[in-house]
Structure formats: C-alpha cells, structure tokens
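S.K.: Got a structure for you, questions after.
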Amino acid sequence: MDPQNVPILTEAEKVIQICDAIHHLQMTPKKFINAFLTNADPQIAYKRRFWGTSTGWSSTHGIIQAVKAEVARTRDGADRWDAFYTQSVEILLSQSPPRGNFPLGSFHSSRTVQPSFFDPKAVSERDEALTKNHMPFLFNLIKRMLVRVEAPDELDEDGPVEPTIADPEQDHILNMDNVTYVADRNSAFSIRIHKACFSFGFVQVEANHQQPVASTICSMVAFTRNRRHNSMQLYNSIRFVAGGLSDQLNDYLHLLGITSSRQTAIRALTFLSTCAARDLRNAMTPMAGVPVGPSICIDNLDMEQRVHAHSIGHRTMMFHGSWGYIHHPHPSLLDSLDLSELSLKSYYESLQKVSSLIIQPSMFLPTADEDLHFEAVLKSQIARVMRHYIAEPSTRDGSIQIHPPSIDPIDCSPPNIKMLKLMDASDNSAEGIGQVIESIISQSGLTAEEFCSRLQVMDGDLGTIQNFNSLRALRTPSAHPEHNLHNISFQLGASHTLWNIAQNILTAHFGDPTKTNDLGAWHDLHALGIPSDKAVPKKDFDQMINNMEKIHEASIFHCLCVIMGTTRDQVAKTPGKIETRKWNQIIEACYDRFFSPEARRSTSKEASPKLFALLHRLHDFSTVIEANRAMKAGDIGRLVNIWKIWCIMSQALTADTSSTTF
C-alpha cells in the first residue's frame, strides 16, 4: 500500500487494531507483553534491549506508573498493589551482614576488641561495607526518602545571622582530633542558597547529612535482627561512657539499637585497658641510642561522688588522685638533635655551670627584632577585630595581616601520646608526689633503677614541682638515683605557665565589682552579660582565657570606634568594605594612640587614671592572647618572646608570689 494512502488513525484506533491482531493470533495483551519481556528469541531480545538502560528507563518508568495508576483505581486494586510491593521485604530480608566473628563476620567481641577498632579509617570501612555490600537496598531506599524539596516558606529564617569567625589554629586541632564542624543549614546564608536553588528548580541535596542517617538506620535494623551485628553499637557504647551518659538513657538507646549494653562497654574498656597498659610499657622501654626518656606530664584530679540521700556509709565523698600521659617526641625532631647533648653527663655539666653563670638584665630584655615582632602582634590583633566586626579591606594584598609573622613553628603532626592509668594518689604533698612517681614506675614496666638510670623530663603545675623539690630535699644526700631522684627534671608546662600568669593578670586588672565607679575588667564583662562572680573560675582554664579574649577584643573594638569617630553609631550586623590604604591607616592610628609604648609613657596616672588603666590592660591582655594563639599555632618562637616579656611583668604581679619567684 502506498504510504501516502495510509489512513490517519487516532491513538485509540491504533490500539484497537493491534488488540484485534493479537486476538486473531489467539493471544491476549497480557500474554503478548509477558512474552515480549521474557522470550529469549534474539530478535525479540534485541527489540527490548533499551528497557533497563538509562536510554529507555524514562519510558519504562512511565509504563510502570501507568500500570500502577490503572491497578490502584479501586480500593481492592490499591491493596493488591501494596501487597505486591511488600515483596521488597524479601529483598531486605535477603540482605544482612555476614555472621561470625570479625573479620569474616560482623560480630565484634568486647573481650577481643583492639584500639584500632576506633580508628576513623576503620569506622569508615565498616560503614562502607554495611551500606554498599551488605544492605545496599535499604540504604539506598532510606537515602531517597531523605531527599525532598522544601518550599522556601517552610524554612526558619530566625537562624543566626552573625558570621562565624574561623580560627585556623583551632580548626587544625579539631582536624587532628577527627572533629568536623558542619555549618547550620538554618542559618541566613544557607536559607538564601536554598531559596536560590529552589527558584531555579534544583533540590539542595545534603549528602553529608543523609549518609550518616541512612547508615545508622541500617546498623540499627541489622542489630535489632541479630544482636551479633554490633560494630556501631559497640563503638557508640564506649563513646557514651566517655561522654557521661547515664545508665537509664543508655538502656533506652540500647533498646532502640543505637548502642550496646553498659556491661558490654565496661568489659570492652577492661580489655582495652590491658592493651593500653601493654602499649605504655612498650613506649617506656629504653630505645637504643636515645639517652632520654619520653616526656611525662602529670596533674592532680579531684572527683566528687555526690549522694543526694545520705545514710550510714553513703555520703558525698571527694576522691583526690592524679592523671597523666607520656609524650614521645616525633622522630623528625629526634633526627634534628644531637642526642649526645641529652645524656645525663651533659645534663649535670649544664647544672654545674649555673653556679658560675653571671645573670645580666639584658638576658631578659627583648631585642630590637623582638620589639618589632611584638608590634606586628599588636597590629594583627587590631586587624583581627577590624576585619571580623567592623570592615574588611577591599583587597587582602597589602593589608595588615590578622596573624603575626611566624618565628619558629614546630611540626604540627598529631602527637604520640599514651595515657597513664588514673592514680589513687594526690600530688599535693611530698608524700603524695612520691606515691605518684612510684605508680608511674610500676606502670612503665621498668624497675626503679632502670627508670632513674636516664634523664627523665616531667611536666607539672607549680604546686607539683614544689612538692617534688621538697621530696628530693628530704632524700638528699643519697648515692642511689632511684632514691635521690636527681635524674628526674621537673619543668613548668606551657599551659600551666599561661594559666598562672593569665590568672594573675586578670586579677590585677579585675577591679572591685562592689564599687560602681570602678572601671576594672569586671565592668567590661558586666557589659557583655557575663557575671563578675564567674569571670575568674578557679579550675576552668578555657573559660578564663575566653573571658580575657572577650574583654580584650571589646576594648579594641571601642578604640577603633574612637579612631573612626563612630562611637555613637549602630554596630553593623555584617562587616563592610574599606579601601585597603585607609584600612591600614586606621589600624596604624589605633596602635599609635592606644598600644604603642609612647602612648603609655605620655599618659599620666594622676591626670587620666581611666585611660592609664586601659592602656596597661590592653598591653597585658595582649600578651595572654598572643601566648594562647602561639601555642595553638605551635610557634615556639612567638611563645618564648612572650615568656621574656612575662619575666619582667611578673615581678610587678603581687597576686601570686610563687609564680613570679619560680
């Protein structure tokens, strides 16, 4: 038939003719479709080759949806369709982690768990095996359920609008501890991005959020079906014990399949403690060619067992003990040193030279280069406040940096630390420090003679050092190193030094909160909403440093506003932009007026007592902030520069004469 003479038929007429042809061949439409999809004839298989590929899946999916729409038109049909889809349960039941002990199976015994079980790489490998190899159907199903489009009106626009200040040194420390910060998806910036994606028809897929949720649900299902599939649960049980989770809440989470029982966690910790003790003994074993032992850091620890309902034998008790760790120096550091200078002979020769050493004041005074570096430190602190709270330079090139120049940075590789077992002995007396040292020797696996036969460096706070010196004085004279303890050298740790000096500086500038006309540091804290009675916590080092940083940056902010003439203007929620040359001029002017030595010398205490106190507080607090940031950055040179400044400053601090004397 001539194609031009073929009658034009509607879709319905075409379907009727095809059905008539199928009926003429003694088949039904269903039989035809079934034969077309299942027949192995090469010609038929060739015609359906695209049905399951990406090329033909769109039309295949449309056919499935059309079948569903036709079947589900009635209630009975919808029920049968749902029953048909319950066959996917068979797929779920067929997929599960392998049985048996690890590594052939998925069971991790609390009596054989190793420290490597908690490595981030091992955790990632277990999650990948569960989601990709053992339970991929459930994992992909849950991930698809979590992807949804939210209307912009459903989003909460009351999220935080202040920009988050990034601290690169703190980020590096968090990365070494395997801690990840995820931005708030309800923040103003995230909401604007989501609205923009929605307006263009895109879905904001949060893979970082969906992956752990889907993986956790798969692990919960596997654990509920078989309690021996317990990798995530055992991992969480140890973390929950360390986090102080109560027994009642742990039992509830165990019921949900999120964690193992508390008894399992205790058994695992008991076995891990034996592994830690073995690793500690291996770490303390003398190394060939290394004449000095690993550094040991100790500190006191007070734990209170509070009892609400007192009775005979049940009262609140305070346990005084000690904790510590050993720190092996990095191999690259040992390779850069002359190990012969670390021997006991070199140590005693250096001590003998101390008696004839002539101490000159110039040893403690900063050099010209160190003065210039401290000026750069002060300007970097001003620039940091300027950039984060007021305005940013139009171009970063040529602007004053918010980080001071490096001097002597150390290798920032993760340290090799082995924890000591908690010791039921306090270092608050000469007898107590003796018990602590005996406990350390017993944990090291060495005899007292072996432990004291080499130079042993130890870190502690000021009280620990004084008590150790008292103990050593009581044991002198003695010819046995394990008795006279002369081969043990105690030094004040960097954090303890910062703690003592910072507390003295804060106390010196704190003022009297009972007098409203007293404009000490307490006044700034009160304006920031921090109660003055909680400003100098006795045992919270981080809070004290944070309070000092808040006071310091608030004071710098006010100084910058004075320079710019904007003290009465409303503070902008987001920093603006300023031409780089003008930006540098503002910082230079702020330094000259409030931070330079000339500014402090030209200010009279009698004529301007408030300005005099502010200028000296800015200088003193800047040293604490710089020491804290230098320690985070791992820059020994910057820290030593501050210590030289403190050598002079500490003589004027009367709050703690022990620290200044030491």
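S.K.: Would you please give the FRET efficiency between Val354 and Thr395, computed as 1/(1 + (r/R0)^6) with r the Cβ-Cβ distance and R0 = 41 Å, to the nearest 0.05? Can you show the working numbers first?
M.R.: Numbers: r = 53 Å, r/R0 = 1.29.
Efficiency for this residue pair is about 0.20.
S.K.: In which sequence would Asp397, Asp82 go, from the one with the fewest C-beta neighbours within 10 Å to the one with the most? All intermediate terms of the calculation are to be shown ahead of the outcome.
M.R.: Working: Asp397 7, Asp82 10.
Ordered by Cβ neighbours within 10 Å, fewest first: Asp397, Asp82.
S.K.: Okay, next question. Kindly give the semi-axes, whole Å and largest first, of the ellipsoid equivalent to the range 523-631, taking each as the square root of 5 times a Cα gyration tensor eigenvalue.
M.R.: Working: eigenvalues 119, 74, 47 Å².
After scaling each eigenvalue by five and taking roots: 24, 19, 15 Å.
S.K.: Once both axes come from the Cα atoms, what is the angle between helix 11-24 and the longest principal axis of the chain, in degrees from 0 to 90, rounded to 10?
M.R.: For helix 11-24, the angle is close to 60 degrees.
S.K.: On to the next question. What angle, in degrees between 0 and 90 and rounded to the nearest 10, separates the Cα long axis of helix 344-354 from the longest principal axis of the Cα atoms of the chain?
M.R.: 50 degrees
S.K.: When the convex hull of the Cα atoms of the range 9-91 is projected onto a plane and the area is averaged over all directions, what value comes out in nm²?
M.R.: Details: hull surface 31.5 nm².
Here the figure is 7.9 nm², rounded to one decimal.
S.K.: Convert each backbone phi in the range 459-465 into a coupling constant with the Karplus relation 6.51 cos²θ - 1.76 cosθ + 1.60 (shift: θ = phi - 60°), then list the ³J(HN,Hα) values in order as whole Hz, x for Gly and Pro.
M.R.: 10, x, 7, 5, x, 4, 5
S.K.: Where does the chain land at 222 nm, in deg cm²/dmol rounded to the nearest 500, when only DSSP H runs of n ≥ 4 count, each adding -39500 (n - 2.57), divided by all residues? Intermediate results must be reported in sequence, preceding the final value.
M.R.: Working: 29 runs with 346 residues, N = 662.
About -16000 deg cm²/dmol.
S.K.: Of the labelled options [x] 1.10; [y] 0.96; [z] 1.05, which one gives Rg/Rh (Cα atoms, Kirkwood Rh) as computed for this structure?
M.R.: [x]
S.K.: Tally Lys and Arg at +1 and Asp and Glu at -1 over the other residues with C-beta under 13 Å from the C-beta of Ala222: what net charge comes out?
M.R.: Here the charged neighbours net out to +4.
S.K.: Along the Cα→Cβ direction, 7 angstrom out, place labels at Ser116 and Ile312. What is the inter-label distance in nm?
M.R.: For Ser116 paired with Ile312, the spin-label model returns 5.6 nm.
S.K.: Of the DSSP beta bridges with both residues in the chain, give the percent that are antiparallel, rounding to the nearest 5.
M.R.: On the way: 18 of 30 bridges.
Roughly 60 percent of the DSSP beta bridges within the chain come out antiparallel.
S.K.: Taking only the alpha-carbon positions of the range 214-320 and ignoring solvent, what does the Debye formula give for the base-10 log of I(q)/I(0) at q = 0.15 Å⁻¹?
M.R.: At q = 0.15 Å⁻¹ the computed log10 ratios are -0.87.
S.K.: Nearest 10 degrees, 0 to 90: what angle lies between the long axis of helix 29-38 and the longest principal axis of the chain (Cα atoms)?
M.R.: Helix 29-38 and the main axis of the chain meet at about 50 degrees.
S.K.: Using a simple spin-label model with points 7 Å from Cα along the Cα→Cβ vector, what separation in nm is obtained for Asp512 and Tyr252?
M.R.: 5.1 nm
Bear in mind these aren't lab numbers, they're just calculated from the coordinates by the rules spelled out. No experiment lies behind these values; they were computed from the predicted model shown. Virtual Cβ from ideal backbone geometry, glycine too; neighbours counted across all protein chains shown.
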